[in-house]
Amino acid sequence: AKTWCYTVEKYKADLFKQELSEWMKISDSGFPTAANEGKSAIICYSIDENTACVFHLMRAAEIGLRSLARERRVKIRKRPLEWAEWQDILVHIRQKVEEFAKSTQRGPTKDKALTFYSGALGEFAAFKDVYRNTVMHVRKTYDEQETRSALLHVREFMGRLSKHIQEDQKTYIKWGKL
């Protein structure tokens, strides 16, 4: 058996340690599978496999997308959520959020909830258009700067998401009194 050894530049090794620590917090907050994808993304980034890094980041983001869909009790006709396309999931989540927004209750708790849902939908739509579609359909390769931006953006977003939902979310978020 042959052994391969990679030399990683110091700044990437430092980033690896920092990012791994942040992804482990996300794992502890209820997204262990997404955190494993984050770890794979960091490894890919460290060894200059930038497009592979973005691929793993989109897998992590998709876990978040499905979790939000389960929290909103989204059902996709004729297929399980795991087989649905991002666009279909986003459309159905948006419909559920619009129904929630139409409720007659008003106040800071509802504002907080709508801010969370609208922000998450915007982030997922951006991920889909900027990264997910291009990496999955082999339309683009990513350079180090683009990859670093994606790495930080997805990790920060998943950290925010993990403050409200978990990977296996099956119930609505308890926002407090609406």
For a test of the definition: using alpha carbon positions, the gyration tensor, and the 1.5 limit on a/c, classify segment 35-98 as rounded, prolate or oblate.
prolate
Subset of Lys75/Lys174; Lys25/Lys75; Lys140/Lys170; Lys110/Lys170; Lys12/Lys110 violating a 32 Å alpha-carbon distance limit:
Lys140/Lys170; Lys12/Lys110
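So for segment 10-69, averaging the separation of alpha carbon pairs under 8 Å that are six or more residues apart and normalising by length, what relative contact order in percent results? Walk me through the numbers before you get to the answer.
Numbers: 51 pairs, mean separation 17.7, N = 60.
Here the relative contact order equals 30 percent.
If packing is taken as the average number of other Cβ atoms within 10 Å across a peptide's residues, how do 65-77, 97-109, 130-142 rank, most packed first? Show your work: numbers first, answer last.
On the way: 65-77: 18.2, 97-109: 10.9, 130-142: 15.3.
The peptides rank, most packed first, as 65-77, 130-142, 97-109.
What part of the accessible area of the chain, given as a whole %, is carbon or sulfur when the probe is 1.4 angstrom?
Values: 5330 of 10400 Å².
That fraction is 51 percent.
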Which distance in Å, rounded to a whole number, links the C-alpha centroids of segment 121-167 and segment 63-80?
19
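Just the accessible area per residue of the chain, please: how many Å² with a 1.4 Å probe? Before the final figure, lay out each step's value.
Details: 10400 Å² over 178 residues.
About 58 Å² of surface per residue is accessible.
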Please state the relative contact order of segment 80-178 as a whole percent: Cα pairs under 8 Å, 6+ residues apart?
38
The chain: relative contact order as a whole-number percent, Cα under 8 Å and 6+ apart
33
No other cysteine beta carbon under 4.7 Å away is the test; run it over the chain and list who passes.
Cys5
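The values are calculated or read from the model by the stated rules, or taken from the named source; none is laboratory data. What you see is a predicted model, and the numbers here were worked out from it, not measured in a lab. Reconstructed Cβ throughout: ideal geometry from the backbone, glycine too, with neighbour counts over all protein chains shown. Protein only, heavy atoms only, side chains kept; ligands, DNA and RNA dropped before computing areas. Shrake-Rupley method; radii C 1.70, N 1.55, O 1.52, S 1.80 Å.
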